1. Identify all residues within segment 23-44 that are crowded, with 19+ Cβ neighbours inside 10 Å and either hydroxyl-bearing (Ser, Thr, Tyr) or assigned to a loop (DSSP other than H, G, I, E, B) (or both); write none if there are none.
2. Name, by its number, the condition in (1) in a helix (DSSP H, G or I); (2) touching a residue at least 24 places away in the same chain (Cβ under 8 Å) that does not hold for residue 52.
3. Could you go through segment 21-36 and let me know if any residue there is modelled with pLDDT under 95 and over 13 Å from the mean Cα position of the chain (by Cα).
4. Please state which of the following conditions residue 87 fails to meet, knowing it meets all the rest: (1) modelled with pLDDT under 95; (2) surrounded by 15 or more Cβ atoms within 10 Å (Cβ to Cβ).
5. Confirm whether residue 66 is exposed (fewer than 15 other Cβ atoms within 10 Å of the Cβ), among the basic types (Lys, Arg) and closer than 24 Å to residue 81 by Cα.
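The values are calculated or read from the model by the stated rules, or taken from the named source; none is laboratory data. These figures come from a predicted structure and were not determined experimentally. Neighbour counts are summed over all protein chains in view; Cβ atoms, including those assigned to glycine, are modelled from backbone coordinates with ideal geometry.
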Amino acid sequence: MKNIPGSIFVYIIECNDNSLYTGWTTNLERRLASHNAGTGSRYTRMRKPVKLVFVESHATKSSAMKREAAIKSYTKSAKLELISSHQNIFIDNY
C-alpha cells in the first residue's frame, strides 16, 4: 500500500524478538525506515530489524488512533489472528 495523500495507516510490525508493535502513520514507508534505522519508537530501537505484517488505511487520524488503541489492547494471540485473517496484499512492497 503505497502512501496515498490523505490516508492514515495503522500498522503492526514484527520485531526481531518476535514481539509485535502497533502504530499509526501518514507515511508508512518513512515510518518503517525510521523503525529499522533505530530512530522510530523506543520500543523498536533494540528490536530491529522489523517486518511489516499488517496494514490498513483510515480516512481520518481519529479513526486510525482509535483502531491503534483497540489493537494495542488485544492479546498477542488476538493480534496474530487479526494478522492471519487480514488480506495484506500490499505488504510485499515493504
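1. Selection gives 25, 40, 44.
2. Status for residue 52: all satisfied but (1).
3. No, segment 21-36 contains no residue that is modelled with pLDDT under 95 and over 13 Å from the mean Cα position of the chain (by Cα).
4. (2)
5. Details: exposed (fewer than 15 other Cβ atoms within 10 Å of the Cβ): yes; among the basic types (Lys, Arg): yes; closer than 24 Å to residue 81 by Cα: yes.
Against the criterion (exposed (fewer than 15 other Cβ atoms within 10 Å of the Cβ), among the basic types (Lys, Arg) and closer than 24 Å to residue 81 by Cα), residue 66 qualifies.
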